[in-house]
Amino acid sequence: MSRPAASISASVGSARASDTPTSSGAREPAKPALRTAPATPVMVSAIAEPTTSVTGSGISEPAGTTGPTEAAVAPGGAEPTVGAEVPRDPGSAGCAEPSGTPGPRSLPLPPPGPQWYGSLMGTGILATLMQTLAGDLPGGRWLAVGLLVVGWCVFVGLTAAFGLRIVRRPGVLADTIRDLPVLATWGMVSMGVLSLGSATATVVPAHWPALASTAWAVDGVLWSAGTVLGVLTALGFATRLIGREVGSPSTTWGLPIVPPMVSATTGAALVPHLATRQPQLLLVIVAVACFFLALVLGFVVFAVAYHHHWRVAPLPLAASTSAWIPLGVVGQSTAAAQALAVQAQRFVLPEDTGTLVQLANGYGMAMLTCGIPLIVWATAMTVRGFRGGMPYSPGWWALTFPIGTVCLGLRGLEGGTRVRAFGLASDAVCLVLLCTWTLCAVATVRAVRAQAFTTREATIPGEACAAS
């Protein structure tokens, strides 16, 4: 009868102290002890719906199906120990183990859900910028169309797959809301929807003017859904942080905070397409409220996060790309200030319009100036992550949307100040965004294919053992 795993480890470990005597009186060298993961990590087993896994953003998320090797995930977003040996049932020793288990630079990918909508965010904002900067970037006009198609495919595919998971297991939706780190990722769903709507309204009218009204109607629907979800997520997340033990502060706490700022920018673009003055004024008021909601919450959350990572504990290696998340508020608020200043001119006296423009320009230059050291730190963290073998996760997509918001803010500042240098800087940042988007897209395809191949290899030997 087999003994428990703890007994096996204890008996093998005790063999180190003295050699085992043989029948001839000679001593036989002790067998080396099995290496196991430390006692503190949480074990993520290879089951259909594991509890948690660590992503590149440094948060815990539901993990997908992995190979037979378990991954030990340390609490607090520390680096996982992948491939730790786990005691197995001696009765299964006759079955060969499948190959192709995740290596030390890979992590179990989460199933379709909020964690993956960062890919939609990055694709949507890149499509918008390619179309907006088409005059400066050759080929950008048609690249924007291709990106918009990719964005809609990602949106439909992710939403359908996540919906199927909820139908099969209704508790999945509640789990994403109860788990605070996963709740934060709902902000990416909101921003992904808002980004896709803005891209649709930017790209479609430029290529097919006859469909302009339809494109703006689609944008209006997506803006409404994204704004409601974003405000609820921001307020709900902020409420959960008050008076509770929620762990160490992290830059990923900004994920549910940025969406209202995105709503402010994209909402301002919708104002001219409303028929009457009253709805236009109401939309401007809502957009301004979203602006200040995100600004206030973002200041508090990111101040705490930066203090923790700069003075208390460094950013975990696996979460290196999350250093870019705060830049979302910097760039997006700069763009929002410009957009709101333009639309608010409809409701102020003519002599006050210049004041609005000056306020927007001053705010934008101040924010971008403050953002320079944050960009330097984020770049340093990213370089450190790649040099240290940072494993792939959906958190890599944090390299796209925040950079896109900085590009958008620079473009808006060019329009407000008429300074061409801001436009040139915007073009350069857009090229950087194109490179990071390509990197994330290729890495995502490779990781998904690798996990599918690993899962297939893990399933076939299991069926053979069951048949025998």
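Read-outs: derived from the displayed coordinates by stated rules, not from any lab. All figures in this text were calculated on a predicted structure; none of them were measured in a lab. Glycine gets a Cβ as well: all are built from the backbone with ideal geometry, and neighbour counts include every protein chain shown.
So between VAL300 and ALA443, what do we pick up on full extension, going 0.36 nm a residue minus the alpha carbon distance?
48.1 nm
Work out the charge dipole of the range 342-454 with +1 on the Cβ of Lys and Arg and -1 on the Cβ of Asp and Glu about the Cα centre, then indicate which of GLY364, VAL432, VAL348 is farthest towards its positive end.
The residue sitting most towards the positive pole is VAL432.
Kindly write out, for the range 137-151 in residue order, the coupling ³J(HN,Hα) from the Karplus curve 6.51 cos²θ - 1.76 cosθ + 1.60 (θ = phi - 60°), rounded to whole Hz, with x marking Gly and Pro.
Once rounded to whole Hz, the list reads 10, x, x, x, 4, 7, 5, 4, 5, x, 5, 5, 5, 4, x.
Around ILE325, which amide H atoms from residues at least 5 apart in sequence, or from another chain, sit under 5 Å from its own amide H, with H modelled in the peptide plane?
Counting only residues 5 or more places away or on other chains, the set is empty.
Beta carbons within 10 angstrom, averaged per residue: use that to sort the peptides 152-163, 360-371, highest first.
Descending mean neighbour count gives 360-371, 152-163.
With a Förster radius of 35 Å, plug the Cβ-Cβ distance of ALA206 and VAL376 into 1/(1 + (r/R0)^6) and report the FRET value to the nearest 0.05.
Here the calculated transfer efficiency is 0.50.
Could you list the trypsin sites (Lys or Arg not before Pro) in the range 239-308 that lie in coil according to DSSP, counting only those with at most 10 other Cβ atoms within 10 Å of their Cβ?
Answer in residue order: ARG244.
Report the per residue volume, in Å³, of the convex hull enclosing the C-alpha atoms of the range 192-264.
Dividing the Cα hull volume of the range 192-264 by its residue count gives 73 Å³.
Check TYR392: other-chain or 5+ apart residues with amide H under 5 Å from its amide H, H built from backbone geometry?
Long-range HN contacts for TYR392: LEU107.
Quick one: plug the Kirkwood hydrodynamic radius of the range 331-429 (C-alpha pairs) into Stokes-Einstein at 4 °C, 1.567 mPa s, and report D in µm²/s.
Roughly 87 µm²/s, to the nearest whole number.
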